[in-house]
Structure formats: C-alpha cells, structure tokens
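Visitor: Below you will find the structure I want to go over with you.
The values are calculated or read from the model by the stated rules, or taken from the named source; none is laboratory data. Quantities reported herein were computed from a predicted structural model and do not represent experimental measurements. Note that each Cβ is placed from the backbone with ideal geometry, even for glycine, and that neighbours are counted across all protein chains shown. Accessible surface areas use protein heavy atoms only, side chains included; no ligands, DNA or RNA. Shrake-Rupley method; radii C 1.70, N 1.55, O 1.52, S 1.80 Å.
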Amino acid sequence: MASESIVVFAQFQSAVDEGFWHRFSSLKLNKLGIDDSPIPITGFYAPCSHPQVSNHLTLLAESLPSESNEQSSTAATSGGNRNRCPVPGILYNTNTIESFHALDKKSLLKAEAKKIWDDIHTGKAVEDSAVLSRFLLISFADLKKWTFHYWFAFPALVLDPPATLVDLRRASQYFSLEEAKSVSAACNEWRNSSLTADVPFFLVCVDPNSLATVKHIKDWETCQSDGNKLLFGFYDPCHLPNNPGWPLRNFLALISVRWNLKSVRFLCYRENRGFADLGLSLVGEALITVPQGRAAKTGNGLGWRDHQCLPNAVGWEQNKGRQVSRCISLAKSMDPTRLAISAADLNLKLMRWRALPSLNLNALSSMKCLLLGAGTLGCQVARMLMAWGVRKITLVDNGRVAMSNPLRQSLYTLDDCLNGGEYKATAAVKSLGRIFPAVDAEGVVMAIPMPGHPVPSQEEDNVLEDCRRLHDLVDSHDAVFLLTDTRESRWLPTLLCANTNKITITAALGFDSFLVMRHGAGPFSSNDERQRLGCYFCSDVVAPIDSTANRTLDQQCTVTRPGLAPIASALAVELLVGILHHPQGIFADGELANSSNSGSCEQPLGVLPHQIRGSLSQFSQMTLVGQSSNSCTACSSTVVSEYQERGMEFIIQAINHPTYLEDLTGLTELMKSASSFQLDWDNDDDDDDCIEI
Amino acid sequence: MGTKEEAQGTLSSTDFGVAASAFILNWNTVCSSFPPWTWVLSHHQVEGYLSLENVLLSSTQEEHSELSFPEAGKHSHQEDPIDVDDATLVHTNPCKVHYYDLHIIYCNSYRVPVLYFRAYDSDGEPLEFDEIEKDLPAYSKKALSDSKWTFITQEEHPYLNRPWYKLHPCGTSEWMKLLFHADDALAKTGVAIELYLVAWLSVVGHVVGLRIPFEMMKQL
Ligand SMILES: [Zn+2]
C-alpha cells in the first residue's frame, strides 16, 4: 500500500464572530420565530496570512440575510474584499437541543455534497468557483440563555482511490528566482484587483520566459501551450508545510471530472502581511486515478464522469480532535441584566478613577439599607442609593399607592393605583427591579407602632409582633432611613437603632423647609468621653447651635413643595455615603460647612455634617450640630436600658400610656406634640394626599 | 487644526475625518507591510470610523504543538459515527492565538478620538478582560493601574451596538494638550491635523500593544 504518499488535506477550520450570533438572535426573535427552514448564509475566508496560524472560514453579522428585506446589506459583502472571499453556505437551526442532536448529519452532508457535485458537472463551479467550498452549519440557539450550539461541515468529495502525492515543496523551491518574482507579482495583481481579489480558485501560467500570468479557471483551454507550466492555484487557508488545505479536495474533483487530468500540479497560495509569500506557499503534484469504486459497480465505466454517481463525502469539523459540536455562551454581551450591572459598575468606577480614588465601592454594594416609609422620600432615597451602588434595599410601608402618588413618588405609575392600589412596599420593589434588575430589594407591608396611640388588648399581639419584626429588621440591616410622615412613627425605630448602634438617617419635610440628619451613636456603643450627637428627638429638647433655625418640621399634616423631597432625599443618601467613608463612621463629630472645625480631618467627600436644614423659600441651606440629650425619650441611656431590660413590655407601656415616657425621662414635649397631631391624624386618616408626604 | 481646538487638545469631527483619511494613506504607504487600516462608513453613510481587524497583536504566542504532531483522522477517537477518511488531517491542537479588532471612533462629547477594541480566539469566541490583560505588555499593565489617562471600560460600540472595550476618553484632551505643548516648535507653528491621530495613537496604541511603525513616528 502506498498509503504514505496519499495527499492529506488539512481540514477547514471555522470561526464565528459574536456579531453573527447577535444578528441571528434578532433575526430569530423578530422574523423567523419557530420557522426552522434552512437559511442561506455566506462565510468568508482568505489565504493563510501568517506562518504559524491557519486562516478560518469566518461567519460575521454580514453572513446572514438582513432583517429588513432590503438587500442593501449585501452591498457590504460584495465588492471584492480581498480578506473576505465569500463562500456560500446553509444554516439549519433547530428549535430544541434534542432536535439539534437528532439531525441526520450524514444526509445533510450528502445533500450539500450533491450540490457541489452538480455544480461541477453543470459547469457552474467553473464559472463561480467559490461554490466548491460550499459549507453547512447546524445550530441550536438557546436565546433564553444566550448559548449557541453549533457544528460546521465542509463537504469534500472523496476520491476513491485517494490522490497520491508525487511531490510537495515550498513554492520558492519549485520556481526559479525569476519565475518566483513573476508569479508573486501576478498573484499580487490578482489579489489587488477588485474583480478577482475574492476569486479563490485560479490558474497560474508560467511561460518559457519565466513570465507568469494568473487566469480564471474557465480559461483552462486557452492555457494549453507547449512549454508552459500550468498550475492550479487556490487560496489556501492552511499554514502547514506538508499539507495542502481543504479547498484543494473539491478542486481536484473538478479537475478530474471536467478535464480528465491524471496528473495535477497545484499551488497552495499563501500570503504574509498581505502579499504573496512563496516561502509559505506550496507547489505539489498529485496523481488522480480515475475513480472506480462504486462507479465500477454501476458498470457504465464512466466512473467520476458519471453525474449520476455521487461520490462519498466527508467534512464534519472536529472540535479539538473530537467528534463533538461546539458551544458558545454570549451571556456576557447579550444578557441585559449583566449589561446593566456592568454599566452601573462602570459608572461608579469611573467616578472613583477620575474624582474619588478613596471611594469604597465594596462598602456601598455590600451595605444593607432599611427604608422606613415608601412615600415621596422613600422612593427617592431608594433611587439615590441604587445610583451609588447600593444593592440591598428593604422598604417598609403599610400604605397603598393612591391616585395622587405617582406624580411625587417616583417609583409608581398609574397602573399601581388601579383596583384599590397596590401596596407601596410591593410596588416599589417591582419598580426598583425594572430600573435595575440586579437590585436585591424587599418589601415589607407593616405599620410602625407609635407611642401615644393606645392599642385595644385584642390587637396587642399583632402590635407586639410588628415590634419584634421591626427589631429584627433593624438588626439585620446596616443603615436605617427614617422617612415616615409622622413624628411619633420615628420614635420606635430611633430607639431600636440607638439600641443596636445602627447608622440612622432622618429626613423630614415641612411645606417649604426640610431637615436631614444623622443620629449619633447609641448610648452604650462606646466609652468615649466625647458627647454623642443627638437623635431626631434630642434636637427637640436641646437647642441647636444655631438657634435661628428652629423651625418645627412635620409636626402636622401638610403638603410640601414638590421639589423639597428630592432635595432632602438626595442629601440623606449623600450623608450616608459620607458616614461610610469617614474613618470614624457613626462616631464622627458633626462638622459645619465653611467653619474652622471642619478642617479637623479633610475628607475626599467633604465635610460630614450632623444636620442639614434647608428652606426653599430662601433657597438656603445650613449645617448644624446638636448633641445628645440625657433626657431624650428615644436615645437616652435611661430609655435604651429600660428597653434592654424589659423589652416588649416596655414598648407596650410606652404605646398605651401617654405619660409613661414622660415619667421615665421627665419630659412633656413629646406627649404635648403627640396629642396635638393626634387630632390631625384622626381627621385625615383616609386622606392619603395629606398623610403621605 | 483650529488654534482653539488645538489649545484644548481636541479635534473637530470634520478634522477627524480629514485626519483619518490622511492617516490611512500614511499608514498604508509608509508601512505597506502592516495590515491596512480602513474607513468604515456607518449605515447612514455620513459618519464612519477607522478599523483595523483580525490583528494578531499578542507577542506571547506559544509554540504550536500542531506543527510537531500532525495526526491523520483515522487516529482520533469517534464520539459520533462520522466519516473521516485517511486523506483528512485534523487540527488536533489548534493553536492558541488571540485576534484583536481595533476601531478608532470620534467622540462628540469629548471631541477626541476614542479607541475601541475587542479580542477573540481562533473560534471567534470573545475573550474576557482578564485574558486580554495577560496579552498586554508589562508597561501597559503598569500604565493601566497607575495612570490617570488610561482607563479601560466596556461600553456599547456606537455603530455595532455590542459591548466593546474602550479607552475612556475623558483624559485624552489633557494629555494631547501636554503632548503638543511640550514641543515649543509645534506650539508655535500649530500642529497639522494629520499628525493628531499619529500622536494620539502612539500613546493609546501602546496600551493595547499596538506599536506605531517608526517611519510614521519620524514625521512627528
Ligand atoms: Zn435622642
């Protein structure tokens, strides 16, 4: 057996640009649906252009028909691009992975091989030689997971017996110096003319004067002249020194069938940096025995020249030497959720890069925020938190979305108001997910127990349950925003936060003025001698440093100027970011804007105030500091230790007995104001506009 | 280049077009042995961008075992009863090479050119950024971590609408200004529009390991 001397062809290799899958996905979604009829596609290849790397048959977005039925996109593919020689192909896409695996690969390959065989016999392959490299692609596009299973076949007609190799050497060794020069020039000219650049099969004629010309294969007859060297050239994608590339297989079949040649001299044309490289190109001579094989059985003696007698075909691409399909996942570039996440991250990273090198993005993304109240303030605070990269947000509210809400409460739309209105906590979570799918938001429908609002004994268990739930919620979060509409609903959360030493931020609104403040650390949080900063209730009894701004806020039901809540919400979130980035965190002293005590530790984010009060009527804003009060009804050590010792019993007492807290701390202010707004509360109970700030 | 733009280190969109065609001509004649840059028109055929595709940029190519172990098809084990004949050479060890596509796109908001790029392996599968980083020369890695001028982000390609990597343009005009002002002669005579892109790419190309041919640099 002379099996060592048969021609061994290097298999064609495929590459699929992600653009192909992008366009195919949109074609599938917008036009094809479940229609799985085969789609004509165009692959592109070019001669090998690198001494160590073979060229691949590549599918690009342009390989597919355009989605709009216009043929305009084909303009891009025609026009003789030397690096994109078009090759016709066909795509069988299945709708399930099972049908993908069930495809009859043998028959599919045979069907394509038959097309090539037909084109050889009809002469079409002589006119348009690219059809010799016709290919087949089967695929399953899992558009839910952005995963694509696929398998290429490059059908090759099998010569039986195989062609034998008489000679194979570098073209530079085969040609004389003079011939080589002329061949290179002629090939370069062929490759640079827009008429021929993408014609992958050709003839090289070298006359006795070493003058080379490159011609179309249909001009074969005219090249027959004594003394001429005639070579069958093809764009060889393969780089290997001992193997011609795949396109030669069907070319040999064509040569054998059309011209009945026994001995074929071929040129594997390869390039380097865009020019003919005869050191890389190969010249070889192959002997073709008129195939007998099955033709002999039919008994007509024509062998290959019999159109009816389709030879065997091979050509399914191997995947790293194995007979398996390939799979590519493009979730990274196609999954909208992933894209949204990376875009959001990018934005913050850019900010860190350009302006805030000390920005701690991990602290922000791992921070768990509890928002009490999902009204105007709650909606806006949640949005601002997401913008800063906070991902874990829990909203507590027991109200429903009313018709008047969507205009001011930025997470809701009219749909949320229909049929009695969705719970705000629920609607807000849905809305956050629509804005940013990676948010980890949770809604809790729950009323916040309030002192001075006695509960009937049959409801006491429920209220206690709510208290425990709130306790657990505060416990499991890192920062708490007090964004409810009434003063007394802030009392229990303030106490719970002081007890567990959580970062606490309060925002409260009047008609045209606001207060945003951070609460100081809890009374037992540190043995630091310094005085703690006050909480929302402390500032009631301790005069702020600047006593000119002592406007009482949200002590009554009121409407506010629409611009106020977004301003206060934004400041509340910026304040949180300031605390997170301050070395002392919750223990940081209150700093004042433009004052000498702000210079103690210059932070990249600027001063970290305790309170910000602002007025829209003056378009003014000021920072204040208020220390904690020993007789505070919410954060003083007396109250917190009472809670620690007596727990829920203490809470129920505070809720049911208006004088209890007063007795405990010796204060009357809280109760006075509580009774004054209790009137409003009762009157306006069903008036959502007014209650929900 | 208008003196005002020049003073700011920026470029107008018209000048970008002019600079781009000069750049293509310059590149493709001065260094004809390099892959050519081409001008790609957008759908509306009014705007466009510079493109250099399918470049093997990485210098970290491994030796290709494929060369030493060619294996005929009959030796490979069969998972699926598919015909492979003796005349088939299967690429058993496809070489690990990385291809890069580079696009230079004008950015209207920063009024500077922006380098977009992506990388993929020989199958066409896109590379993750950490794989790209391994390809980058050491000086580039250093520049990426230290410098205020080079920040790689992944954003949607303005014409292809798919995510590509890009060198964020917000520092570009600053260093272009420095580049031009550092040279007194250039500062006096004004900089030819044609040189803007060469100068720009000499800095930016560095980051992705693209070296500007020396012949082009000489004109600076
Ligand atoms: Zn207090």
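Visitor: For residues in region A:270-286 being away from every other protein chain (no Cβ under 14 Å) and closer than 15 Å to A:Trp190 by Cβ, which is surrounded by the fewest Cβ atoms within 10 Å (Cβ to Cβ)?
Guide: Applying the filter and picking the extreme gives A:Leu278.
Visitor: Any residue in region A:564-578 that's basic (Lys, Arg): show its pairings with residues that are surrounded by fewer than 24 Cβ atoms within 10 Å (Cβ to Cβ) at Cβ separation under 8 Å, as long as the two are six or more apart or on different chains.
Guide: From region A:564-578, no pairs qualify.
Visitor: Further, regarding this structure: Could you check, for region A:516-534, whether at least one of its residues is more than 13 Å from the ligand (Cβ to nearest atom), buried (at least 24 other Cβ atoms within 10 Å of the Cβ) and either within 14 Å of chain B (Cβ to nearest Cβ) or within 25 Å of A:Ile567 (Cα to Cα) (or both)?
Guide: Looking for residues that are more than 13 Å from the ligand (Cβ to nearest atom), buried (at least 24 other Cβ atoms within 10 Å of the Cβ) and either within 14 Å of chain B (Cβ to nearest Cβ) or within 25 Å of A:Ile567 (Cα to Cα) (or both), one finds at least one in region A:516-534, hence yes.
Visitor: Continuing with the same structure: So in region A:47-62, with the set limited to residues that are out of contact with any strand residue (DSSP E or B) (no Cβ under 8 Å at 6 or more places or on another chain) and over 18 Å from A:Phe135 (Cβ atoms), which one is least open to solvent (accessible area, probe 1.4 Å)?
Guide: Our first condition is that a residue be out of contact with any strand residue (DSSP E or B) (no Cβ under 8 Å at 6 or more places or on another chain); within region A:47-62, this holds for A:52-53, A:61.
Right, trim to over 18 Å from A:Phe135 (Cβ atoms) and you get A:52-53.
On the way: A:Gln52: 71, A:Val53: 5 Å².
Taking the candidates together, the pick is A:Val53.
Visitor: Between a first residue in region B:75-103 that is more than 14 Å from A:Arg322 (Cα to Cα) and open to solvent by 60 Å² or more (accessible area, probe 1.4 Å) and a second residue that is at pLDDT 65 or above and outside any loop (DSSP other than H, G, I, E, B), which pairs have beta carbons less than 9 Å apart while being 6 or more apart in sequence or on different chains?
Guide: Cβ pairs passing all conditions: B:Asp86/A:Ile6; B:Lys96/B:Asp121.
Visitor: Right, something else. Take region A:453-499 and flag every residue that is within 16 Å of the ligand (Cβ to nearest atom), aliphatic (A, V, I, L, M) and open to solvent by 10 Å² or more (accessible area, probe 1.4 Å).
Guide: Correct list: A:Ala498 only.
Visitor: Only residues that are in a helix (DSSP H, G or I), open to solvent by less than 60 Å² (accessible area, probe 1.4 Å) and facing chain B (nearest Cβ under 7 Å): list them for region A:1-44, please.
Guide: A:Glu18, A:Gly19, A:His22
Visitor: Cβ-Cβ distance below 8 Å, separation of 6 or more or different chains: which pairs start in region A:325-348 with a residue that is facing chain B (nearest Cβ under 7 Å) and end on one that is assigned to a loop (DSSP other than H, G, I, E, B) and open to solvent by less than 30 Å² (accessible area, probe 1.4 Å)?
Guide: A:Ile328/B:Gly124; A:Ser333/B:Arg162
Visitor: Could you please let me know if A:Leu667 is within 16 Å of the ligand (Cβ to nearest atom), in a loop (DSSP other than H, G, I, E, B), among the aliphatic types (A, V, I, L, M) and at pLDDT below 85? Write out each step before concluding.
Guide: Values: within 16 Å of the ligand (Cβ to nearest atom): yes; in a loop (DSSP other than H, G, I, E, B): yes; among the aliphatic types (A, V, I, L, M): yes; at pLDDT below 85: yes.
Yes, satisfied.
Visitor: Moving on. Just the residues that are under 30 Å from A:Gly33 (Cβ atoms) and touching a strand residue (DSSP E or B) at 6+ places or on another chain (Cβ under 8 Å), please, taken from region A:143-187.
Guide: A:Lys145, A:Trp146, A:Thr147, A:Phe148, A:His149, A:Tyr150, A:Trp151, A:Phe152, A:Ala153, A:Phe154, A:Pro155
Visitor: Residues in region A:45-61: is at least one more than 21 Å from A:Gln318 (Cα to Cα), free of Cβ contacts under 8 Å to residues at least 40 places away in the same chain and assigned to a loop (DSSP other than H, G, I, E, B)?
Guide: No, every residue in region A:45-61 fails to be more than 21 Å from A:Gln318 (Cα to Cα), free of Cβ contacts under 8 Å to residues at least 40 places away in the same chain and assigned to a loop (DSSP other than H, G, I, E, B).
Visitor: Looking at (1) in contact with a Gly (Cβ under 7 Å, 6 or more places away or on another chain); (2) outside any helix (DSSP H, G or I); (3) more than 14 Å from every other protein chain (Cβ to nearest Cβ), can you tell me which one A:Lys144 breaks?
Guide: Among (1) in contact with a Gly (Cβ under 7 Å, 6 or more places away or on another chain); (2) outside any helix (DSSP H, G or I); (3) more than 14 Å from every other protein chain (Cβ to nearest Cβ), A:Lys144 violates only (1).
Visitor: To continue, here is another question. Restricted to region A:612-624, and to residues that are out of contact with any helix residue (DSSP H, G or I) (no Cβ under 7 Å at 6 or more places or on another chain) and closer than 28 Å to A:Ala355 by Cα, which residue is nearest to the ligand (Cβ to nearest atom)?
Guide: Only one residue fits best here, namely A:Leu624.
Visitor: Sticking with this structure for a sec: Between residues in region A:616-635 that are more than 14 Å from chain B (Cβ to nearest Cβ) and residues that are within 9 Å of the ligand (Cβ to nearest atom) and charged (D, E, K, R), which pairs lie under 6 Å by C-beta distance while being six or more apart or on different chains?
Guide: Final answer for the pair search is A:Ser628/A:Arg532.
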